[in-house]
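Please read the structure below before turning to the comments.
The values are calculated or read from the model by the stated rules, or taken from the named source; none is laboratory data. Worth saying up front: this structure is predicted, and the values here are computed from it rather than measured. Here the Cβ positions follow ideal geometry from the backbone for every residue, glycine too, while neighbour counts run over all protein chains shown.
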Amino acid sequence: MRVVSGIQPTGNLHLGNYLGAIRNWVRMQDSMKPGSTCLFFLADLHAISMPHDPAELRSGTLEMTAALVACGIDPAKSVLFNQAQVPAHAELQWLLNGTARMGWLNRMTQFKDKSGKNREGASIALFTYPVLQAADVLLYQATHVPVGDDQKQHLELARDIAQKFNNDFCSESAPVFTLPDPIVPPEAARIMSLRDGMAKMSKSDVSDMSRINLSDDADTIMKKVKKAKTDAEPLPSEKAGLGGRPEALNLVTIYAAVTGESIDQVLSRFGGEGFGRFKPALGELLVETISPISERFNALKQDRESLDAILARGAAKARELGGPTLNATYAALGLVRG
């Protein structure tokens, strides 16, 4: 089993990022059987498909590396690297551009969403973004790729590209590419803003009080939870009673996601209680969960030399793992390399 997944190096990770994706990466890494491999990468090549600040991209890549390691990604167990140090990603994307079809890419909903009304002004990189995603996983003969609802279409495209390439350029007994299967993680809790239960928790929110950052210390976490928007009603004894109460639902959802309980299990303990009791309990739970991550993250992000070394070692291993596939792709296409 070989699992491959990437994350954009946006920096400033928050509780929603941790509960939604990173915690599942750590669980996959820790449950891998001997001989299996997890490759996790910082998608800095993907980041240049949109307008960006080069200095912020560089610092965000290192900050994201620190955050992943602080959350439990172990460079001794997994291969952790950034795309830009493995040129085979970009090389394979170009080779696969000959197999991908305009009609396939025109159906990608994410391009439509990100380009908005200015499709003519969008970059070519944004349009061909899914081909680079295909290269990201096909390069390493990934058997499985974790996907959420927004990425299922892109994995299907990767499988289509791999299948067409194998059909067009390979014998049936010696295909170049493995067709990866999706891993659908346990449904991640949808973590909303602490200031607006109808808006997703986001680093782009102008109010820092709207989110729990992975860099927050214990006092800051407790302060944000106590000031989180709520209503005046006590908590109900079952989930149905949270209808029409988005802020209350959000805080209970966070508690349930951190403990691994169902919302009804949480409400069985706190039903009938006001937020004067529930918020301190939630704050203490988050302090217990986030503080060790925060302490390690804040220490790691100051140690640029160690972060660079982690990425360099991971990239060297990734180049080694991806090399045979890249060579086989060139050969299948009839291209002569020096």
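If you go through the range 39-66 and keep only what is among the hydrophobic types (A, V, I, L, M, F, W, C) and either in contact with a strand residue (DSSP E or B) (Cβ under 6 Å, 6 or more places away or on another chain) or more than 18 Å from Ala312 (Cβ to Cβ) (or both), you end up with Leu39, Phe40, Phe41, Leu42, Ala43, Ala47, Ile48, Met50, Ala55, Met64.
Hey, Ala240 hits all of (1) exposed (fewer than 13 other Cβ atoms within 10 Å of the Cβ); (2) in the same structural domain as Gln85 (by TED's automatic domain parsing); (3) over 26 Å from Gly60 (Cα atoms); (4) among the aliphatic types (A, V, I, L, M) but one; which does it fall short on? For Ala240, the exception is condition (2).
For the range 244-278, a residue qualifies if it is within 15 Å of Leu15 (Cβ to Cβ) and surrounded by 15 or more Cβ atoms within 10 Å (Cβ to Cβ), and the qualifying residues are Asn250, Leu251, Val252, Thr253, Ile254, Tyr255, Ala256, Ala257, Val258.
Restricting Asp168, Asp216, Asp196 to those that are among the charged types (D, E, K, R), outside the structural domain of Ser291 (by TED's automatic domain parsing) and not in a helix (DSSP H, G or I) reduces the list to Asp196.
Here Leu95 clears all of (1) under 17 Å from Leu45 (Cβ atoms); (2) in contact with a Gly (Cβ under 9 Å, 6 or more places away or on another chain) except the condition numbered (2).
The sole residue among Gln151, Gln163 that is more than 23 Å from Gln265 (Cβ to Cβ), within 17 Å of the chain's Cα centre (by Cα) and assigned to a helix (DSSP H, G or I) is Gln151.
Among residues of the range 166-193 being modelled with pLDDT under 90 and under 27 Å from the mean Cα position of the chain (by Cα), the one that is farthest from Lys229 (Cα to Cα) is Ile183. Within the range 121-171, the set of residues being hydroxyl-bearing (Ser, Thr, Tyr), surrounded by fewer than 21 Cβ atoms within 10 Å (Cβ to Cβ) and in contact (Cβ under 8 Å) with a residue 60 or more places away in the chain comprises Ser123, Thr143. Any residue in the range 275-287 that's part of a helix (DSSP H, G or I): show its pairings with residues that are surrounded by fewer than 15 Cβ atoms within 10 Å (Cβ to Cβ) and charged (D, E, K, R) at Cβ separation under 8 Å, as long as the two are six or more apart or on different chains. Partner pairs satisfying both residue conditions: Lys279/Lys226; Pro280/Lys226; Gly283/Lys226.
Within the range 100-130, the set of residues being within 16 Å of Ala158 (Cα to Cα), assigned to a loop (DSSP other than H, G, I, E, B) and of a type outside the set (Ser, Thr, Tyr) comprises Ala100, Arg101, Arg107, Met108. Residues in the range 22-37 that are without any contact (Cβ under 8 Å) to a residue 40 or more places away in the chain and assigned to a helix (DSSP H, G or I): Arg27, Ser31.
Rundown of residues vs (1) under 23 Å from the mean Cα position of the chain (by Cα); (2) modelled with pLDDT of 95 or more; (3) on the phi > 0 side of the Ramachandran plot, yes/no style:
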position: Thr220; (1), (2), (3): no, yes, no
position: Lys224; (1), (2), (3): no, yes, no
position: Asp231; (1), (2), (3): no, no, no
position: Pro236; (1), (2), (3): no, yes, no
position: Asn250; (1), (2), (3): yes, yes, no
position: Ile254; (1), (2), (3): yes, yes, no
position: Ser262; (1), (2), (3): no, no, no
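Quick one: is Ala70 touching a Phe, Trp or Tyr at 6+ places or on another chain (Cβ under 7 Å) and either in a helix (DSSP H, G or I) or over 20 Å from Leu335 (Cβ atoms) (or both)? Answer is yes for this residue. Taken over the range 73-99, the criterion of being assigned to a helix (DSSP H, G or I) and more than 18 Å from Ala331 (Cα to Cα) is satisfied by Gln83, Ala84, Gln85. Just one of the listed residues (Leu57, Leu19) is part of a helix (DSSP H, G or I) and in contact with an Asp or Glu (Cβ under 9 Å, 6 or more places away or on another chain), and it is Leu57. Taking every residue in the range 55-81 that is touching a residue at least 60 places away in the same chain (Cβ under 8 Å) and pairing it with any residue that is basic (Lys, Arg), at least 6 positions away or on another chain, the pairs with Cβ-Cβ distances below 6 Å are Glu63/Lys301; Ala66/Lys301; Ala70/Arg296; Val79/Lys317. Looking at the range 266-278, is at least one residue at pLDDT 95 or above and touching an Asp or Glu at 6+ places or on another chain (Cβ under 7 Å)? Looking for residues that are at pLDDT 95 or above and touching an Asp or Glu at 6+ places or on another chain (Cβ under 7 Å), one finds at least one in the range 266-278, hence yes. The set of residues in the range 307-329 being over 21 Å from the mean Cα position of the chain (by Cα) and loosely packed, with under 15 Cβ neighbours inside 10 Å consists of Ala309, Ala316, Glu320, Gly323, Pro324, Asn327.
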